[in-house]
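A short write-up of the structure that comes next.
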Amino acid sequence: MISAAKSRVIQPGSLFLIALSLSIGWGIRGNFGHESGAMIAGVLASLAVCLLSGREDWHRRAAFFAFFGGIGWGFGGSISYMYPISFLGCEEWSTALYGFYATFLVGFLWAGLGGMGTALPAVMSRDRINAFMAPAAFVLLVMTASHLWIHPWLADHLVIPGADLSDGTWGRHHNPLYWYDADWFPAVAALVAVCLYDLINRRFRDGYWLLLLMILGGLGGWLVYSFLSDQGLLSTLGEWLVVPLGDADAINPATGLPFGDDAFLSNWPNFVHYYPHYMGPLVGVCLGAVLYFFKWGKWRNDSAFILYLAGGWLLCFILLPVLGTIPLQSVGGLRLTPPRSDDWAGIVGVFLGGCIYCYRRGLRAAVHTATLTGMLGGFGFAFVPWLRAFFRLPGHPLLNEGGTPAFWAHYQSANWHSVMEQSHGFCHGIALGIAMLLLARHSSPLQESYPRKRLPEGFAVAFVLLFMTLMNVYKNVEQWTRTGIDAVPTMMKAPFFASLNASADFWFLLIWAIFSLIFIRLMVQHSRQPLSIIPSSWLGRGQLLYLAFLWIMVIANFERALVAFTENRLVTEGIILVNAGLATLLDLTWPKVKQPTQAAAGSPFPLLTRRLWIRLLPVLLCLLLLMAVSVRLVYKDQPLENPATNHKRWGEDAQWRIRPILKGGRHL
């Protein structure tokens, strides 16, 4: 393997480009949001790691680094992360300390799964990657269909009396599938998809047992439900398993009266309370399917990896905020950021499931990379708001009698949130660069003994450049047509044909589809006869992929902001544009190809991983304690931000207690 002295990835310039790439992506992610936005940072940073490794065996897999890195970093985008940051700025010591550790946990999960995704193409053999792309593509296809058609259909047909589904943002808790504001349905879709893939892969062998066991399970579930109902035990079971997500004795500021239990949502999905008679058969059918796949499932082509991820999500989600809230209801439940989303619990399951699978299936290096990236990234995630607290000291409005002095007014009015976002990305990039360096130093050259298959690689490139970008850029249409901005008409007629009048969304998707077809046609042509514009070297191809994705997203991000641009956007779009130019320069000049040498015999990763948990983690936890104490000593009894936006986790003024999500209220 490459020696430490010669590897480009350990040099400060290389670490800087990796961190800069993730910072650019993270800044753009803040504008697009959620999992799709987080994928932007993952693609850029993973490609930067690949290109700067100096290893041609990694350069050959640039498309897979982008694909798996983007998905890995995308998982964390579902976690509600601003509440923990708000907690750490609270004036109450208990909430502030909790906030630092909660922020560390969020950062750990986000960076940990990002590191795992980035490491997969560096540790899996070519034949395993080629084979795994089949179940991965199939599951992504089913999840897309679920998001576009199945979930909306169920939401429309599961009727909840009085529910208003017209507002999918502030009224999303009226949806019958709402459950802790979490992404449980995509996890179920992934689980069903991977089971369906296994069934198809086995050519439906023994498939009649699946039908039989599901029928018997449904019948058994119906009999159990009927027995409990006849014996009057359902109410008792409900008292054991169902708790309200709020404090019934707390005073509702709108009425001056206690909220009462009936005002709250519960720890189970909405539809359970309106269709309880279906729960017995539904649980029975699921248990029948579980028994079938436990007995007959083969899980070829590493499809079990997806099984572990989806199953881990659902298992930890049910164990932690759902069942764990029952004994802890009086303190807000076993919830990280009540009353906001509890996707964190599912992501804990994804991380654990991924680590267990990789550890058992010869991918232990990915476990170490995920752990180290998670720990360093988690610490950086808490370190950035701590550092921001001290940069905010000059002229802080809560620390100066009469508010911010005039001299510091412009300084204090800066877009500090964007500064924090981009700094978060930079710290995550450093964490990823360090972890991948250790992987590069301690892993042998990848053997390409199996023939290169163009379809898996082509799918990865198309997914990154066409689909990951679409999931984000499409959101610009809503921004352009928003009332008060009106940069683009909501409805437009086709040229020459007045009768064809369609929405801006339609025209955007139509043009994108045409462009995608042209791009795919060029890819097919290149597979038959290389196009001159595509570099012949693997390094050059990786650089081209990096620059294409970078500038698609940078330009799209600028287009999104341009229609409502203010001076505060300079610290976001202005810096992102400058950083993108710098990243372009470094991407074209820094990466080199070096000759690798064989790594030492034996894998050091199990030992290194144990040392991280035993030695590094306690040090980081102690540092977090010191950081929390230092902020409280400096700010004394004042919060870091406006008291109205600095939430409390504990006590009578806890956010979940005084501002719960009510059945007929507005979502937070």
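The values are calculated or read from the model by the stated rules, or taken from the named source; none is laboratory data. Quick caveat, the model's predicted, so the values are computed rather than measured. No Cβ is skipped: glycine too gets one built from the backbone with ideal geometry, and neighbour counts run over all protein chains shown. Keep in mind that these areas ignore ligands, DNA and RNA; they rest on the heavy atoms of the full protein, side chains included. Shrake-Rupley method; radii C 1.70, N 1.55, O 1.52, S 1.80 Å.
Ile356 meets all of the listed conditions (1) in a helix (DSSP H, G or I); (2) surrounded by 23 or more Cβ atoms within 10 Å (Cβ to Cβ) but one, namely (2). Taken over region 144-161, the criterion of being closer than 24 Å to Tyr278 by Cα and part of a helix (DSSP H, G or I) is satisfied by Ser146, His147, Trp149, Ile150, His151, Pro152, Trp153, Leu154, Ala155, Asp156, His157. For the condition in a loop (DSSP other than H, G, I, E, B), in contact with a helix residue (DSSP H, G or I) (Cβ under 8 Å, 6 or more places away or on another chain) and surrounded by fewer than 24 Cβ atoms within 10 Å (Cβ to Cβ), Leu393 qualifies.
Given the criterion surrounded by 13 or more Cβ atoms within 10 Å (Cβ to Cβ), among the polar types (S, T, N, Q) and either modelled with pLDDT of 95 or more or not in a loop (DSSP other than H, G, I, E, B) (or both), identify the matching residue among Ser516, Ser499.
Values: Ser499 fails: surrounded by 13 or more Cβ atoms within 10 Å (Cβ to Cβ).
Result of the check over Ser516, Ser499: Ser516.
Taking the condition over 20 Å from the mean Cα position of the chain (by Cα) and modelled with pLDDT under 95, does Ala134 pass? Working first, answer last.
Working: over 20 Å from the mean Cα position of the chain (by Cα): yes; modelled with pLDDT under 95: no.
Here the answer is no, as Ala134 does not meet what is asked.
Condition (residue is in a helix (DSSP H, G or I), of a type outside the set (Gly, Ala, Ser) and open to solvent by 50 Å² or more (accessible area, probe 1.4 Å)) applied to region 457-468: is it met by at least one residue? Working first, answer last.
If we filter region 457-468 for residues that are in a helix (DSSP H, G or I), which is where we start, we get 457-468.
With of a type outside the set (Gly, Ala, Ser) added as a condition, the list becomes 457, 459, 461, 463-468.
Now restrict to residues that are open to solvent by 50 Å² or more (accessible area, probe 1.4 Å): 459, 467.
Scanning region 457-468, I find at least one residue that is in a helix (DSSP H, G or I), of a type outside the set (Gly, Ala, Ser) and open to solvent by 50 Å² or more (accessible area, probe 1.4 Å), so the answer is yes.
Among the residues in region 560-577, are any modelled with pLDDT of 90 or more and surrounded by fewer than 12 Cβ atoms within 10 Å (Cβ to Cβ)? Within region 560-577, not a single residue is modelled with pLDDT of 90 or more and surrounded by fewer than 12 Cβ atoms within 10 Å (Cβ to Cβ). Residue count for region 229-263 under the criterion of being more than 16 Å from His273 (Cα to Cα) and in a helix (DSSP H, G or I): the result is 1.
Of the residues making up region 362-371, not a single one is basic (Lys, Arg), under 16 Å from Gly89 (Cα atoms) and part of a helix (DSSP H, G or I). Search region 255-284 for residues being open to solvent by less than 90 Å² (accessible area, probe 1.4 Å), of a type in the set (A, V, I, L, M, F, W, C) and under 30 Å from Glu652 (Cα atoms), and hand back the single one that is farthest from the chain's Cα centre (by Cα). Looking at the filtered set, the residue picked out is Phe259.
In region 330-350, is there at least one residue being surrounded by fewer than 17 Cβ atoms within 10 Å (Cβ to Cβ) and not hydroxyl-bearing (Ser, Thr, Tyr)? Walk me through how you get there before you give the answer.
So the first thing to find is which residues in region 330-350 are surrounded by fewer than 17 Cβ atoms within 10 Å (Cβ to Cβ), and the list is 330.
Adding the requirement that they be not hydroxyl-bearing (Ser, Thr, Tyr) leaves none.
Within region 330-350, not a single residue is surrounded by fewer than 17 Cβ atoms within 10 Å (Cβ to Cβ) and not hydroxyl-bearing (Ser, Thr, Tyr).
Test each condition in (1) at pLDDT below 95; (2) open to solvent by 10 Å² or more (accessible area, probe 1.4 Å) for Leu376 and report the one that comes out false. For Leu376, the failing item is (1). Scanning region 292-307 finds no residues that are part of a helix (DSSP H, G or I), surrounded by fewer than 23 Cβ atoms within 10 Å (Cβ to Cβ) and either β-branched (Val, Ile, Thr) or touching a His at 6+ places or on another chain (Cβ under 9 Å) (or both). The set of residues in region 162-216 that are of a type in the set (Phe, Trp, Tyr), outside any helix (DSSP H, G or I) and either farther than 30 Å from Gly333 by Cα or open to solvent by 30 Å² or more (accessible area, probe 1.4 Å) (or both) comprises Trp170, Phe204. Selection of first residues in region 641-661 that are within 19 Å of Thr103 (Cα to Cα) and of second residues that are exposed (fewer than 14 other Cβ atoms within 10 Å of the Cβ), restricted to Cβ pairs under 6 Å at least 6 apart or on distinct chains, gives the following pairs, ordered by first then second residue: Trp650/Ser94.
Select from region 623-637 the residues that are part of a helix (DSSP H, G or I) and open to solvent by 80 Å² or more (accessible area, probe 1.4 Å) and write down the one among them that is nearest to Ala102 (Cα to Cα).
Leu626
When region 638-668 is filtered for residues that are crowded, with 22+ Cβ neighbours inside 10 Å and either at positive phi or of a type in the set (Asp, Glu) (or both), nothing remains. Note on region 469-496: residues that are over 28 Å from the mean Cα position of the chain (by Cα), part of a loop (DSSP other than H, G, I, E, B) and free of Cβ contacts under 8 Å to residues at least 24 places away in the same chain total 8. Wholly within region 1-105, which helices (runs of 4 or more DSSP H) include no fewer than the required count, namely at least 2 residues that are open to solvent by 10 Å² or more (accessible area, probe 1.4 Å) and at pLDDT below 95? Those helices (runs of 4 or more DSSP H) span 12-32, 34-52, 56-59, 82-88. Residues that are modelled with pLDDT under 85, assigned to a loop (DSSP other than H, G, I, E, B), more than 29 Å from Arg29 (Cβ to Cβ) and in contact with a helix residue (DSSP H, G or I) (Cβ under 7 Å, 6 or more places away or on another chain) do not occur anywhere in region 645-653. For first residues located in region 556-570 and over 16 Å from Ala580 (Cα atoms), partners that are surrounded by fewer than 15 Cβ atoms within 10 Å (Cβ to Cβ) and not polar (S, T, N, Q) and lie 6+ apart or on another chain with Cβ distances below 6 Å form the pairs Val563/Ile485; Val563/Ala487; Ala564/Ile485. Within region 108-131, the set of residues being part of a helix (DSSP H, G or I), over 11 Å from Phe64 (Cα atoms) and open to solvent by 10 Å² or more (accessible area, probe 1.4 Å) comprises Phe108, Val123, Asp127, Arg128, Ala131.
Within region 530-565, the only residue that satisfies the criterion of being among the hydroxyl-bearing types (Ser, Thr, Tyr) and touching a Pro at 6+ places or on another chain (Cβ under 9 Å) is Ser536.
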